[in-house]
Structure formats: C-alpha cells, structure tokens
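The values are calculated or read from the model by the stated rules, or taken from the named source; none is laboratory data. Computed from a prediction, not measured in an experiment: that's the story for all the values here. Neighbour counts are summed over all protein chains in view; Cβ atoms, including those assigned to glycine, are modelled from backbone coordinates with ideal geometry. Side chains are part of the model used for accessible areas, which takes the heavy atoms of the whole protein and leaves out ligands, DNA and RNA. Shrake-Rupley method; radii C 1.70, N 1.55, O 1.52, S 1.80 Å.
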Amino acid sequence: MILAVAEHRRGELRDVSLELITAGRQLADDVDTALHVAVIGGDVDRFAERLDRDGVDVIHTVDHGEEFNHGVYEQVTVQLVEELDPEYVLTPNSVNGLDFAPAVATKLDLPLVTDAVGLTADDGTLTVNRDMYGSKVETAVGVDADQAVVTIRGGDWAPAEGTADAEVRAFDAEVDESALGSTVTGFEAAAEGDVDISEAEFIVSIGRGIEEEENLPLIEALVEATGATLASSRPIVDNEWLPKNRQVGQSGKVVTPDVYVAIGISGAVQHVAGMKGSDTIVAINTDPNAPIFDIADYGIAGDLFEVVPELIEEFGGEVPDV
Amino acid sequence: MKVLVTVKEVREVDDEFEIEGTEIPEQYLEYDLNEWDDYAVEEGVQLQEDGVADEVVAATIGPERTEETIRMALAKGADRAVRVWDDALEDVELLDVGAKARILAEVVEEEEPDLVLTGVQAGDDAFGATGVALARKVGYEWAAVVNHLDLDADEGVAHVHRELEGGIDELTDVELPAVLTIQTGINEPRYASLRGIRQAQRKEIAEQSLGDLGLSAADVEGELELTDMYEPETESEATYFEGDAGEQAAQLADLLRDAGVVDA
C-alpha cells in the first residue's frame with residue numbers, strides 16, 4: 001500500500017493534503033495497491049471527512065495533540081509503517097514535512113527523496129522526478145528499495161476531488177512523551193506594516209537582479225510614475241532592503257493582481273507559488289531561460305537597467321541617478 | 001559551548017549550459033559556499049562574539065578543491081574545520097541524505113558539539129533533509145527552517161522561530177544538544193575581512209577519510225541513482241517584446257495602459 005501523511009495547521013487541513021491524495025492514488029495505481037491516508041492530531045474526525053476523496057481506501061486517525069510536533073509525527077508514522085508495511089510513505093515537502101520525514105526515514109533506515117514533482121513505479125523500482133540547480137534542470141532519480149519515503153512538492157498535483165467511502169480506523173499510537181524534546185509554544189504572523197500587497201491590483205515586483213540596495217530608487221521611481229504597489233522576491237527581504245510585508249511567495253504573501261511585473265526575478269518555485277494567480281504576468285530578465293518566462297504572458301529578455309529607465313520616461317517620471 | 005556548522009560547496013550552473021548524460025560539464029559550473037550555509041556560519045560566529053559559544057568548528061564533505069570554500073567559513077570567524085573525503089566518494093554520483101547523515105554523524109560524535117547549525121538546503125541538489133536526518137542519527141533534538149534563534153545556554157534550550165508557509169512563524173523550544181537548519185534572512189552574513197582571510201590561512205583543516213571515521217564505502221553507496229537529467233519542459237507561451245530597450249518599454253507601457261492599471 002501507499003501511506004500518505006496529511007498536514008494541517010491551526011485547525012485547517014492544508015491544501016497539499018488533498019494533492020498528496022492525488023499523487024498517492026497515481027502511485028498506488030502504478031503498483032496496483034491501496035491508498036491509506038493518516039491524519040495525526042487536531043480534530044481528526046472532521047479532517048477524516050475532508051480527506052475522504054476519490055481514490056482513498058483507508059483513513060487512519062490518530063487522536064494525539066492539536067498541532068504538529070515533529071516528535072509525535074515521527075513516532076506515530078514509524079508505528080504506522082511497522083504496522084501497515086507500506087511500499088512508499090508520502091508526506092508534503094513542506095516546512096513541517098521536512099521537519100519529520102527525514103527523521104522517519106533515518107529511524108527506519110529507508111531511502112528518502114524530497115521535493116518530488118513526478119512519481120512512477122514500475123517493477124518494484126520507484127522513479128522520482130525532481131529539480132536541481134534552482135530548477136534549471138529536472139532529474140529522474142531511481143530508488144532501488146522495497147520501501148522509501150518521498151516528500152512531494154505542493155501545487156504540482158491537482159487536489160483530489162469527489163467523495164470516497166473510505167474506511168476510517170482509529171489508530172492507537174503509543175507516544176513516548178518523555179522522548180519529545182521540542183515544544184511548540186505559539187505562532188506569530190509577520191507584521192502587516194503599511195500596506196497589504198495581497199489587495200493590490202497592479203504590482204511591480206523586484207528580485208535579485210536589482211543587485212544593490214543603492215539601485216532601489218530606480219524601481220521606486222517606476223512605482224511612483226505608474227501608481228503600482230511595490231513588492232519583491234525573498235532575497236530582497238532577506239537583505240532587509242524591503243520589509244517582510246512586501247515579500248511575495250511561499251513564505252510571504254500570495255498575490256493575485258490584474259498585472260504583475262516581475263523585474264529581475266528568476267522565478268524560483270517558492271516565488272511562483274505566491275504570484276501565479278495574477279491575471280497578467282510580465283517578466284523582465286536578462287536570462288532568457290529564467291523559469292519566470294514559463295509562467296509569464298509577456299516577456300522582455302533584457303537588462304532592467306536599460307528597460308526600466310525607458311519605462312519611467314514613458315509615464316513621465318523622473319529617472320533617478322543610480 | 002561548542003558549535004559545529006556543516007557547510008557545503010555547491011555547484012552553480014551558468015545561464016547558458018548543456019547537459020551531457022546525467023551531468024552538466026565542468027565548463028558551465030561554478031563553485032561557491034552554499035547560500036543557506038553562509039547564514040548558518042554567520043549565526044555560529046555571532047554566538048561566539050556574544051560569548052555564548054567557545055568554539056565554532058566547520059565541517060564539510062568534499063574533495064580538496066572545497067578547501068577554498070571552507071576557508072571562507074574560517075575567514076568569517078570559524079576556529080577550525082574538518083573536511084571529510086575519500087576515493088570511495090569520488091565514485092558516488094548522487095550522495096543521498098542517508099549517506100551524508102552517516103558521515104556527519106561520525107564527525108558529530110567525535111566533536112560532541114552542543115549545537116549543530118546547517119543550512120535549510122543546498123542550492124544544487126536541494127534535498128533539504130540532511131540536518132534533520134543527522135539529528136535523528138545522533139539522537140539530538142532538532143528544528144527545521146529556523147529564522148530566529150535565541151539561545152539559553154544555562155537552561156540548555158534554544159528558543160527558535162520556524163518559518164512556516166504563508167508568513168507564519170512557529171515558536172518552538174528545542175532542548176540541547178540540537179541540530180538547527182538555518183533559513184536565509186536570519187542574519188546578515190558578513191564579508192570576510194582581509195585580516196580574517198589572512199588568519200584563515202593559518203587555521204587548521206583536518207582531513208578525514210571514511211576509514212578515519214570508522215566508515216566504509218558500503219556506508220555511502222545509498223539506494224538512489226540519478227537516471228536522467230533534462231531541461232524542464234517549458235510551457236512558456238509568453239509574447240516577447242522585441243526591439244531595443246526603448247521599443248520594449250513602449251510596448252510594455254501600451255500593455256499597462258490597455259490593462260487599465262496605469263492612467264498616465
């Protein structure tokens with residue numbers, strides 16, 4: 001069987017849990033086996049109802065704790081694997097998935113492949129497709145083992161739909177509380193600050209291509225001339241050139257403006273996750289192979305330091321001296 | 001308190017490159033200290049400057065060429081380094097998470113650090129799992145994707161923020177000894193000073209073979225094999241604006257006016 005471990009946070013199943021079912025069902029069909037889903041902690045009965053989608057055979061509920069704790073997840077998943085003996089264990093390639101899946105693989109001495117974007121199984125060999133080198137290449141990784149742990153990338157499989165008639169089983173896990181060395185004490189949201197970019201209709205977003213903080217006035221002049229809302233990719237916020245509330249992406253804000261102009265942004269998957277729902281996407285980048293062009297509607301393969309000043313002048317703005 | 005920082009020299013691929021089999025030829029590659037590890041090194045050095053850590057040791061798995069990269073960690077303030085390499089590792093195309101954790105576990109057991117810092121992931125193979133696998137291997141506690149660290153050495157607790165998706169931090173107390181995987185943005189990595197670079201030349205880089213660590217070639221073989229490498233299918237349907245910068249800008253300006261987002 002395939003065992004997929006669902007993810008939830010603060011009372012809600014995360015979308016990737018339903019994507020995990022789709023990926024798990026495809027893999028289960030390849031190996032001609034059943035798909036079991038486990039949900040650990042929180043309101044497990046309510047979660048089980050939502051996880052009862054097409055393709056799910058059995059749902060294991062583990063009523064222990066409210067929120068994710070990697071020690072609990074590790075112990076419970078190890079016990080589930082020992083009890084059920086699945087061929088493959090799937091978890092989301094999320095921050096929490098990567099906080100416990102490697103521990104499960106290590107504890108059980110199983111191979112681990114993370115961040116899968118494709119899965120096929122044939123004659124006992126699992127092939128996992130995954131990116132390398134900042135998504136410049138994709139690879140196929142063959143796993144020569146009877147059992148393996150795989151984490152799957154969010155947003156790459158469609159969420160499972162429909163309603164199944166899965167059997168719900170309460171799994172009686174034994175959690176050794178004394179072995180838990182981490183305690184979650186709370187959650188904290190990034191400060192909202194002066195602007196909520198998720199409400200913006202027109203966003204000009206800047207990335208690593210701006211090179212230096214001293215060059216930011218160029219983009220600020222464009223924003224000024226066009227009335228756009230300024231946003232950025234992660235490196236700009238990491239460098240503290242812009243505050244966290246301007247960050248678009250997986251660990252920042254999800255935005256859906258009418259127009260999103262990505263300037264000097266390569267289009268890493270974490271960034272794309274935050275802006276792919278924009279109506280019209282324009283990319284300006286010197287690298288014609290940058291992944292941002294894959295999701296762009298319009299592209300300028302060129303140097304932002306040449307294009308942006310021209311654009312500012314188009315709208316009657318003043319080009320700063322950078 | 002002793003801090004061990006694991007660092008990796010990563011391969012970076014030029015904008016224009018070719019693929020040969022399951023490899024990218026040398027002429028399209030550059031080598032650098034992994035970006036995430038740079039933040040881990042900085043965090044370790046700051047703990048030392050704050051008087052919390054007595055010693056910061058850098059550890060890496062890599063051939064002789066990687067000494068240049070590990071010297072960068074030394075130039076930024078690490079006290080000494082351990083570099084693990086072996087002929088048996090030359091032949092391994094894809095060193096998997098389990099193998100890396102087995103090697104680093106031996107280094108941890110020899111050094112007995114109170115805290116291990118490592119980058120969230122490597123920029124090249126991007127498994128993002130070695131730190132947690134290492135922690136489980138050596139029986140340390142751990143936290144993945146840490147973007148804030150407040151260490152209470154007396155209590156033996158690391159108060160950390162874990163950066164979850166969607167701009168939410170999880171606040172967690174982690175018992176020491178522990179492995180923390182460090183996220184970019186947690187600090188501002190310094191540039192090595194000239195003085196630091198000079199000093200780094202005199203710092204020790206101890207070379208260890210698998211045999212020195214009590215491991216054999218079989219321990220690093222792993223069950224993963226890179227069977228294919230290809231350029232991702234581009235689904236690009238982008239319309240490209242042609243011409244010089246002025247012409248391109250004019251076309252974009254028209255687009256923005258037509259979309260009704262700019263009045264000017």
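State yes or no: is A:LEU90 open to solvent by less than 10 Å² (accessible area, probe 1.4 Å), closer than 21 Å to A:ARG14 by Cβ and touching a helix residue (DSSP H, G or I) at 6+ places or on another chain (Cβ under 7 Å)? Answer is yes for this residue. Residue by residue through segment A:235-254, note down the ones that are facing chain B (nearest Cβ under 7 Å) and among the small types (Gly, Ala, Ser). Within segment A:235-254, A:SER251, A:GLY252 qualify. Across segment A:106-136, the number of residues qualifying as within 7 Å of another protein chain (Cβ to nearest Cβ), assigned to a helix (DSSP H, G or I) and in contact (Cβ under 8 Å) with a residue 24 or more places away in the chain comes to 1. Which ones in segment B:169-204 are open to solvent by 30 Å² or more (accessible area, probe 1.4 Å) and more than 14 Å from chain A (Cβ to nearest Cβ)? B:ALA192, B:SER193, B:LEU194, B:ARG195, B:ILE197, B:ARG198, B:GLN199, B:GLN201, B:ARG202, B:LYS203, B:GLU204 - these are the residues of segment B:169-204 that are open to solvent by 30 Å² or more (accessible area, probe 1.4 Å) and more than 14 Å from chain A (Cβ to nearest Cβ).
Across segment A:239-268, the qualifying residues are those that are assigned to a helix (DSSP H, G or I) and open to solvent by 20 Å² or more (accessible area, probe 1.4 Å), and the one among them that is farthest from A:PRO320 (Cα to Cα) is A:LYS244. Listed here are the strands (runs of 3 or more DSSP E) enclosed by segment B:75-193 that have at least 2 residues being out of contact with any strand residue (DSSP E or B) (no Cβ under 8 Å at 6 or more places or on another chain), and there are none.
Across segment B:205-235, the number of residues qualifying as farther than 16 Å from B:ILE19 by Cα, in a loop (DSSP other than H, G, I, E, B), touching a residue at least 40 places away in the same chain (Cβ under 8 Å) and within 13 Å of chain A (Cβ to nearest Cβ) comes to 3.
Residues in segment A:21-50 that are of a type in the set (Gly, Ala, Ser) and in contact with a Ser or Thr (Cβ under 8 Å, 6 or more places away or on another chain): A:ALA38, A:ALA48.
Annotation: B:VAL92 fulfils all but one of (1) closer than 20 Å to A:VAL104 by Cα; (2) open to solvent by 30 Å² or more (accessible area, probe 1.4 Å); the unmet one is (1). Here A:ASP144 clears all of (1) open to solvent by 60 Å² or more (accessible area, probe 1.4 Å); (2) under 24 Å from the mean Cα position of the chain (by Cα) except the condition numbered (2). Of the residues screened, B:GLU225 is not one that is surrounded by 15 or more Cβ atoms within 10 Å (Cβ to Cβ) and in contact with a His (Cβ under 9 Å, 6 or more places away or on another chain).
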